[in-house]
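Before any comments, here is the structure.
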Amino acid sequence: MCGIVGCITKESTLEFLIDGLKELEYRGYDSAGLVILEANNSHIYKAIGKIVNLENKVGDFKTSGFSVGIAHTRWATHGKPTEINAHPHSGEISYIVHNGIIENYADIKKELGEEKFVSQTDTETIVHLFEHNLSIYENSLKAFEATIEALEGAYAILLITKSQNDTIYFAKKGSPLILGYSDNKDLFFASSESPLIGKAKEVSYLEDGDYGYISPKTVKIYNQKESKTLSKTKLPSNKQFAQKDGFRFFMEKELYEQSLVSSDTMIGRVKDDYIAFDEIDIALLEGIKEIKICACGTSYHAGLVASYLLQRVAKIRCSVEIASEFRYKEPLLSKDMLFVTISQSGETADTIEALKIAKLAGLKSLCICNVDNSTLIRLSDTSILTRAGIEKGVASTKAFTTQVIVLWMLSLYLAKHKNNISTDELKKHIKALLHTPRVLKVKSTTHEKLTRLSKRYLHGHGFFFIGRDIFYPLALEGALKLKELSYIHAEGYPSGEMKHGPIALADSELFTVALMSKNILYDKIKSNLEELIARDATTLAISPYKFDLSDDFIQIEEHDHEMLEFFEMLVIVQLFSMEIAVRLGNDVDMPRNLAKSVTVE
Ligand code: AGP
């Protein structure tokens, strides 16, 4: 979840580093820093808190010509968020920024002698180890190779040194790193695409095990000491695409974009009477009798929705695992399982490690992801891109929606493949799929109503979101959105379970949001809600049918398909959480303690 940028430029190093760090803010961070080498002078600045604090430290320093620079936003994993622990970390003549975790840093630190260390970080061991190796090998590349070989864990590293002051050494294993090329021969690094938009025309996505160096007009890449070349791909050129477009927050923009991007997700895939996935080679499905889904957070909730659809529509057994649990439970796996990972970023450490376990057990794998060339995509046998576009709000919205749409399409694709669905039923689903973008369009009247009623829900001792069937994972997602954005405690719960304990909490300070589908078990959810109301709970009912007993009521359309109800309610719970967060004055795009991409466990 740290962010990295670096560059070699004729005159714009400082500008790229600062702008690049600002583009990475959405990943969540607690401190930042940069260092620039100009001739043999080094200029290093570090600050805790926001990037503006770093800019204040830089003051009116300017580069006066050719220079190399590296910079970093830190989300603390080893050592408190302090200036000393902020990157870059310094040796005598070298500087480093790093994303990931060095698992054997304590042993290295002991071998090198702890007296030379000033920080509590694992990262600082790398720069001291490099300089130790420099004294042995005399050649920087050999010293760098020996350093990388000694490291265990995950890393994306940029290192500069006065012993070669026009060069940036880099290494990538387990954390993302992209190399960008401009028309004027400037060279750039970044841990995600957005800092490169508008700077680099083409990019190369580094692979695990890649390392090497760049200097003016030279790019040398190695993997296991073998020289290699990287393919180049185009970057989106328009930075506006990743900007807010007039909305208050990236999250609000992305919430409103759900209608548009959901159409993109379906392009080329939803046909008149079947679903097409060009990405799926039918051999992938040979012998598959069960699907095991593995993910984290919101992506896990998408997986839970899929488990209902895959079993009901495709008649295929499906289980869903939380990646951080799956990794350590010694799971029973069989080769007739298709291992499906779901991830917005494709860089979630727990999900990556879970996939490695499945691959070791010989399972075939499919990744549903929003970021092309991400680690999960590159590790999977095949992948389906959700096409949600850059999602910068830490609280996921359009990524979740497009994940659910892909999974809905996948259940139809597999149902057809296994002859478990009639043409009429398939056409009903396709009709609903094609109607989904309209349902996802935010109604201004709904947004205004939620803005008003949010004022009543700013206190209380907690929230329940309750639902049945696919509305249970939606209840989990609604609760997570509220927790993430408002910092108020909320739980998603299967409504049938309330009487098995949670109803003891019912009183006027317990807020319950009920997701009442007319297509699935309406009478059951209605009576569950009435039990809570009878005990004076404060309730918000979201339902196609008028419901006068609740304190607040949001009416949705009377859709003839449960998935359309699902998506209309999703927009409501997303807006509800966002407006409560706004009233509380929280940082909607970068909630406290959270990161957009959890690249460490
Ligand atoms: C969602 O709002 C959260 N930011 C978080 O739960 C997220 O879904 C989770 O960390 C998984 O991330 P991924 O989809 O990138 O793997």
Those trypsin sites (Lys or Arg not before Pro) from the stretch 487-569 that are DSSP loop and have at most 14 other Cβ neighbours within 10 Å turn out to be Arg535, Lys546
Rounded to the nearest 500, the 222 nm mean residue ellipticity computed for the chain from DSSP H runs (n ≥ 4, each -39500 (n - 2.57)) alone is -10500 deg cm²/dmol
quick note, the chain, DSSP beta bridge pairs, % antiparallel (nearest 5) is 60
So the angle from the long Cα axis of helix 423-439 to the longest Cα principal axis of the chain, reported in degrees to the nearest 10, equals 70
By the C-alpha gyration tensor axes a ≥ b ≥ c (rounded if a/c is under 1.5, else prolate when a/b exceeds b/c, else oblate), the shape of the stretch 11-166 is oblate
Any GluC sites (Glu not before Pro) in the stretch 128-157 that lie in a DSSP loop and have at most 11 other Cβ atoms within 10 Å would be Glu138
Taking the alpha-carbon centre of each part, the distance from the stretch 548-601 to the stretch 477-515 in Å is 13
Relative contact order as a percentage, the stretch 1-158, C-alpha pairs under 8 Å and 6+ apart, gives 23
For Lys335, the lysines lying under 23 Å Cα to Cα, once residues fewer than eight places off in the same chain are dropped, come out as Lys289, Lys292, Lys315, Lys356, Lys359, Lys364, Lys416, Lys418
Computed for the chain: size of charge dipole around the Cα centre, +1 on C-beta of each Lys and Arg, -1 on C-beta of each Asp and Glu, debye to nearest 20, value 880
For the chain, the charge dipole (Cβ of Lys, Arg +1; Cβ of Asp, Glu -1; about the Cα centre) points to a positive end, and the Cα of Asn586, Ile93, Val439 closest to that extreme belongs to Val439
Note on the stretch 163-228: alpha-carbon gyration tensor, axes a ≥ b ≥ c; rule is a/c under 1.5 for rounded, else prolate if a/b larger than b/c, else oblate; result oblate
Counting as exposed only chymotrypsin sites (Phe, Trp or Tyr not before Pro) in DSSP loop states with no more than 11 other Cβ atoms inside 10 Å, the longest exposed-site-free span of the chain is 329-601
Those trypsin sites (Lys or Arg not before Pro) from the stretch 68-169 that are DSSP loop and have at most 16 other Cβ neighbours within 10 Å turn out to be Lys162
Charge dipole of the chain built from unit charges on the beta carbon (Lys, Arg +1; Asp, Glu -1), centred at mean Cα; most positive-end Cα among Cys294, Thr382, Leu355 is Thr382
Given 4 °C, 1.567 mPa s and a Kirkwood radius over Cα pairs, the Stokes-Einstein diffusion coefficient of the stretch 311-368 in µm²/s is 108
With Cα coordinates, the longest principal axis of the chain makes an angle with the long axis of helix 124-137, in degrees rounded to 10, of 30
The size of the Cβ-based charge dipole (Lys, Arg +1; Asp, Glu -1) of the stretch 437-476 about the Cα centre, to the nearest 20 debye, is 240
Carbon and sulfur atoms account, in whole percent of the 1.4 Å probe accessible area of the chain, for 50
Taking Cα atoms only, helix 140-150 is inclined relative to the longest principal axis of the chain by an angle, in degrees rounded to 10, of 40
By the C-alpha gyration tensor axes a ≥ b ≥ c (rounded if a/c is under 1.5, else prolate when a/b exceeds b/c, else oblate), the shape of the chain is prolate
Per residue, accessible area of the chain with a 1.4 Å probe, heavy atoms of protein chains only, in Å², comes to 38
For the chain, averaging the sequence separation of alpha carbon pairs under 8 Å that lie six or more residues apart and dividing by its residue count, the contact order in percent is 12
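The values are calculated or read from the model by the stated rules, or taken from the named source; none is laboratory data. Bear in mind the structure is a predicted one, so any value in this text is a computation, not a measurement. Positions of Cβ are backbone-derived with ideal geometry, glycine not excepted, and every protein chain shown enters the neighbour counts. These area figures cover heavy atoms from the full protein model, side chains too; ligands, DNA and RNA do not enter into them. Shrake-Rupley method; radii C 1.70, N 1.55, O 1.52, S 1.80 Å.
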